[in-house]
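Below you'll find the structure, written out as C-alpha cells, and then a few comments.
The values are calculated or read from the model by the stated rules, or taken from the named source; none is laboratory data. All values reported here derive from a predicted model rather than from experimental measurement. Here the Cβ positions follow ideal geometry from the backbone for every residue, glycine too, while neighbour counts run over all protein chains shown. In case anyone asks, the SASA skips ligands and DNA or RNA and just uses the protein heavy atoms, side chains included. Shrake-Rupley method; radii C 1.70, N 1.55, O 1.52, S 1.80 Å.
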Amino acid sequence: MKRIGVMTSGGDAPGMNAAVRAVARRAMSQGLEVYGIDYGYAGLVAGDIFKMERSDVGDIINRGGTMLYSARYPEFAQVEGQLKGIEQLKKFDIDALVVIGGDGSYHGALRLTEHGYNTIGLPGTIDNDIPYTDFTIGFDTAVNTVVESIDKIRDTAASHERTFVVEVMGRGAGDIALWAGVAGGADEIIVPEKEFDIAKIAENIQALRARGKKHTIIVLAEGVMHADEFMTQLKAYGDFDARSTVLGHVQRGGSPSARDRVLASKMGAYAVDLLLQGKGGIAIGTENNQLTYHPVTELFDQKHQPDLSLYEINKSLAK
C-alpha cells in the first residue's frame, strides 16, 4: 500500500477536521501518500481529488465543519455510481479509503467493500446513532452547544414564567436530548426510544408550579415530533404560556471540544494503523473507552442503543 484517500460525507460534524488531520499525518509519518477527496461521494465520482501535504492539514484541528467539504449524493446507491467512484480511485492509484461520516456514508463504504475495495469508516456525526461505538465524532461538541443554549433559554423562561419546548437534533436517536437534558437540568426529556404521555407531562408541570417553580424546560428530540406540534398538544391541557425553540443547524457548527479532538485524533491514527495491517471493510468505534472495530456489514444488522439510564436519572432529579 502506497496511497490512501480520505473523505468526509453526509452532515458535517465538529471534529471531522481533526480526524482528517490525524489520518493524513499518521499516514505521511509512515511513508504513505495521502489524497483528499472533496465533496464526499459526489467528489469521488467527479474525480475531485488532490494530493495532500502536511501543510494542508495545519491549523485545522480547532476548526468546525470539514475542510474537505461535504455533499449529498444519493446516486452512489446505484452500481453505476459506485463503479465510477472506483474508476477514479484506480485512476489516482489510491489503494484504500478512509470515510468519515454517519449512517449514509457507511452505506457507501459498504458498497465499495462489496466491490472488493478496501475501506475503513470513522463515525463522524453529531447524532451518536452509529452501532458499536459509545460516542461519535462531533457528539460531545453538539451536546455542549445545546447545553449552552438551554442555559440561555432558562434565563428568559424564568423571567417570563414560561414553558419552553427546545427541539434538538439527532434524527431518530435521542442521545443529544438525553445528555443535554440531564446536563441542562431539563424538567422533561422526550426521546423516540421512550414512550411519553403528554397529559402526564402537563400534570407534572402543574405540580412544579404548585410547588413554586413557574418556568419549565422541555428538551424534545426531533425524531419524536416538531416542537410546534408538541407545544400545540401541550396547550390542550392548560395555559403554560408555552414557547418553542428549534436549535437547528447551530448544533453542527463551532470549534470541536477537547474530547472530540482527542477522539477524532485517536480514531484517525488507528484507521491508518489498521490499513497498514492489511485490514479493511471495517468501521472503527470506541467501546468502554477502548478503540475497537467491526466489519462494516455488521453495523446494519444492529441498532444503536442510547443510555436510557439518563432518562430515569433525570426523572428523579427533576421532581
Checklist entry - Which residues, taken from the stretch 173-190, are under 16 Å from the mean Cα position of the chain (by Cα) and open to solvent by less than 50 Å² (accessible area, probe 1.4 Å)? => result A173, G174, D175, I176, A177, L178, A180
Checklist entry - Counting only residues that are surrounded by fewer than 24 Cβ atoms within 10 Å (Cβ to Cβ) and either of a type in the set (D, E, K, R) or outside any helix (DSSP H, G or I) (or both), how many does the stretch 13-35 have? => result 7
Checklist entry - Which of the residues that make up the stretch 206-223 are over 17 Å from A186 (Cα atoms) and surrounded by 16 or more Cβ atoms within 10 Å (Cβ to Cβ)? => result G223
Next on the checklist: Would you confirm whether or not the stretch 261-269 contains a residue that is free of Cβ contacts under 8 Å to residues at least 12 places away in the same chain and among the small types (G, A, S)?
Outcome noted: no
Item to check | Per-region count, the stretch 36-51, residues aromatic (F, W, Y) and part of a strand (DSSP E or B) | outcome: 1
Checklist entry - Could you say whether any residue in the stretch 68-78 is outside any helix (DSSP H, G or I), of a type in the set (A, V, I, L, M, F, W, C) and within 29 Å of Q251 (Cβ to Cβ)? => result yes
Item to check | Residues being over 32 Å from the mean Cα position of the chain (by Cα) and free of Cβ contacts under 8 Å to residues at least 40 places away in the same chain - total across the stretch 205-240 | outcome: 13
Checklist outcome for this item: Of (1) more than 21 Å from E287 (Cβ to Cβ); (2) surrounded by fewer than 22 Cβ atoms within 10 Å (Cβ to Cβ); (3) of a type outside the set (K, R), P131 fails just (1)
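Each row is one residue, and each column tells you yes or no for (1) open to solvent by 10 Å² or more (accessible area, probe 1.4 Å); (2) at pLDDT 95 or above.
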{"site": "A96", "(1), (2)": "no, yes"}
{"site": "V99", "(1), (2)": "no, yes"}
{"site": "S105", "(1), (2)": "no, no"}
{"site": "I120", "(1), (2)": "no, yes"}
{"site": "P123", "(1), (2)": "no, yes"}
{"site": "G138", "(1), (2)": "no, yes"}
{"site": "T145", "(1), (2)": "yes, yes"}
{"site": "S149", "(1), (2)": "yes, yes"}
{"site": "A157", "(1), (2)": "no, yes"}
Checklist entry - Can you name the condition, by its number, that D239 falls short on among (1) in a loop (DSSP other than H, G, I, E, B); (2) touching a strand residue (DSSP E or B) at 6+ places or on another chain (Cβ under 9 Å); (3) of a type outside the set (G, A, S); (4) over 30 Å from A22 (Cα atoms)? => result (2)
Checklist entry - Which of the residues belonging to the stretch 36-48 are more than 14 Å from M67 (Cβ to Cβ) and open to solvent by less than 60 Å² (accessible area, probe 1.4 Å)? => result Y41, A42, L44, V45, G47
Checklist entry - Restricting the stretch 96-143 to residues that are touching an Asp or Glu at 6+ places or on another chain (Cβ under 9 Å) and in a helix (DSSP H, G or I), which is farthest from I217 (Cα to Cα)? => result D103
Item to check | the stretch 164-197, residues that are without any contact (Cβ under 8 Å) to a residue 40 or more places away in the chain and either under 23 Å from G102 (Cα atoms) or in contact with a strand residue (DSSP E or B) (Cβ under 9 Å, 6 or more places away or on another chain) (or both) | outcome: A180, G184, P192, F196
Item to check | Residue in the stretch 276-309 that is surrounded by the fewest Cβ atoms within 10 Å (Cβ to Cβ), counting only those that are β-branched (V, I, T) and modelled with pLDDT under 95 | outcome: T297
Checklist entry - Which of the residues spanning the stretch 49-81 are surrounded by 13 or more Cβ atoms within 10 Å (Cβ to Cβ), in contact with a Ser or Thr (Cβ under 6 Å, 6 or more places away or on another chain) and more than 17 Å from L97 (Cβ to Cβ)? => result G64
Checklist entry - Given the structure, is A27 at pLDDT 95 or above and of a type outside the set (S, T, N, Q)? => result yes
Next on the checklist: Restricting to the stretch 242-259, name every residue that is part of a loop (DSSP other than H, G, I, E, B) and open to solvent by 40 Å² or more (accessible area, probe 1.4 Å).
Outcome noted: G254, S255
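Table: residues versus (1) part of a loop (DSSP other than H, G, I, E, B); (2) over 18 Å from S244 (Cα atoms); (3) among the acidic types (D, E); (4) out of contact with any helix residue (DSSP H, G or I) (no Cβ under 9 Å at 6 or more places or on another chain).
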position	(1), (2), (3), (4)
V146	no, no, no, no
D151	no, no, yes, yes
R154	no, no, no, yes
A157	no, no, no, yes
G170	yes, no, no, no
Q206	no, yes, no, yes
